[in-house]
Amino acid sequence: MVAPFIDAPFGPLMRSPPRSVIALPVRALAWLGCQGTRAIAALVVLGIAVPPLGELLRPYVTEAIILLLIVSFMRVDLSSLRAHLRRPALVLAATAWTTIAVPALIGAAAHLIGSDVKAPGVFLALMLQAMASPMMASPALAALMGLDATLVLITLVTSTALVPFTAPLFARIFLGGMLSLSPLGLGLKLGAILAGALVVAAVIRMSFGADAIRRHKASIDGLNVLILFVFVAAVMCRFVPDLLADPVHVIELGALAFAVFFLLLAATMLLFRSYGRDRALALGLMVSQRNMGLMLAATEGALPGATWLYFAMSQFPIYLAPQLLSPFAMRVRGAAKPLASTTADA
């Protein structure tokens with residue numbers, strides 16, 4: 001009789017603190033996730049403002065990549081996944097565009113204007129960027145903008161699977177002796193990352209259920225923002241010293257990074273416009289966001305200073321574009337909904 005008596009008045013008080021401790025960070029993550037693209041833009045400023053934090057986080061970039069991919073796999077809409085797999089033409093076309101056409105076009109254009117001779121470090125950076133697969137964070141960024149993250153994820157996986165074969169080919173064609181890649185090592189690493197992330201994501205989905213994942217969308221978005229910060233901080237930690245040393249060169253590379261980003265975005269949207277503006281925009285964002293981190297890992301960081309600096313500058317369009325393009329994405333989604341409704345009624 002004593003135990004129920006004690007548990008009745010004090011039980012809620014004893015259970016509340018643990019729940020509050022858990023609820024507080026969940027609410028904080030949900031608030032951060034609701035900031036959406038504003039939070040992504042703030043990452044760049046924070047990464048520049050606190051360089052020591054970038055040095056501290058740099059060793060954990062690989063783990064952050066894996067976490068982002070786990071979250072992306074975990075949030076896959078299975079009905080949308082099955083629909084894309086039944087009609088794979090779009091995924092196959094987007095994969096061929098991002099893994100074969102993009103590096104071929106960029107390599108040919110850069111070679112024709114003589115950048116391989118005039119600025120070999122920048123040429124190397126452009127080719128590594130073009131040969132890379134899309135960023136593993138691109139499905140997360142697409143989700144933050146309300147776009148088709150499942151389509152992006154499927155194309156990301158197929159593109160990543162091909163890169164170990166296509167990247168060495170384009171390296172031999174355009175880079176010659178400038179770079180030596182290990183396709184076997186890169187392929188094994190990518191395969192392990194993808195398989196491991198898929199298994200962990202499947203366990204999470206089976207343990208908590210798809211409904212619980214959907215209910216906590218805002219908190220998961222907030223977690224994505226925190227993980228994305230690892231990338232930004234690690235790459236941007238040398239931005240201020242480089243800017244002070246040669247501001248004109250830094251501004252020129254920044255302009256080039258934005259030009260490449262928006263050129264790939266516009267070309268992809270134009271190429272895939274017949275599939276709908278919302279899908280074209282999702283694919284455009286994916287193609288313009290290249291996973292240069294994996295290329296850095298493949299080369300073990302043995303790159304010229306100009307290549308490192310361009311990689312840093314390319315983070316600006318990647319993480320600022322979601323904020324800049326968010327109004328456009330809202331209009332695209334608004335135009336796509338009536339079209340989808342009409343198609344469904346037919």
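The values are calculated or read from the model by the stated rules, or taken from the named source; none is laboratory data. Note that the coordinates shown come from a computational prediction; the quantities given were computed from them, not determined experimentally. Ideal geometry is used to build each Cβ from the backbone, glycine not excepted, and the neighbour counts take in all protein chains shown.
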Cβ pairs under 6 Å, 6+ apart or interchain, first in region 40-65 and closer than 18 Å to residue 308 by Cα, second among the aromatic types (Phe, Trp, Tyr) and at pLDDT below 80, ordered by first then second residue, are 44/319
Failed condition for residue 101, given (1) assigned to a helix (DSSP H, G or I); (2) surrounded by 18 or more Cβ atoms within 10 Å (Cβ to Cβ); (3) within 24 Å of the chain's Cα centre (by Cα):
(2)
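Yes/no matrix, rows are residues, columns are (1) at pLDDT below 90; (2) crowded, with 19+ Cβ neighbours inside 10 Å; (3) within 29 Å of residue 62 (Cα to Cα):
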position: 86; (1), (2), (3): yes, no, no
position: 92; (1), (2), (3): no, no, yes
position: 106; (1), (2), (3): no, yes, yes
position: 109; (1), (2), (3): no, no, no
position: 118; (1), (2), (3): yes, no, no
position: 122; (1), (2), (3): no, yes, yes
position: 127; (1), (2), (3): no, yes, yes
position: 131; (1), (2), (3): no, yes, yes
Cβ-Cβ under 7 Å, sequence separation 6+ or interchain: first residue in region 282-307 and at pLDDT below 75, partner of a type in the set (Val, Ile, Thr) and assigned to a helix (DSSP H, G or I). Which pairs?
293/61; 293/65
Among the residues of region 115-145, what is the count of those that are assigned to a loop (DSSP other than H, G, I, E, B), under 30 Å from residue 74 (Cβ atoms) and out of contact with any Gly (no Cβ under 9 Å at 6 or more places or on another chain)?
2
Please work out which one of (1) under 30 Å from residue 27 (Cα atoms); (2) surrounded by fewer than 17 Cβ atoms within 10 Å (Cβ to Cβ); (3) among the polar types (S, T, N, Q) is the condition residue 274 fails and give its number.
(1)
Which number in (1) out of contact with any Leu (no Cβ under 9 Å at 6 or more places or on another chain); (2) modelled with pLDDT under 90 marks the one condition that residue 263 misses?
(2)
Flag if residue 212 is hydrophobic (A, V, I, L, M, F, W, C), assigned to a helix (DSSP H, G or I) and in contact (Cβ under 8 Å) with a residue 12 or more places away in the chain
no
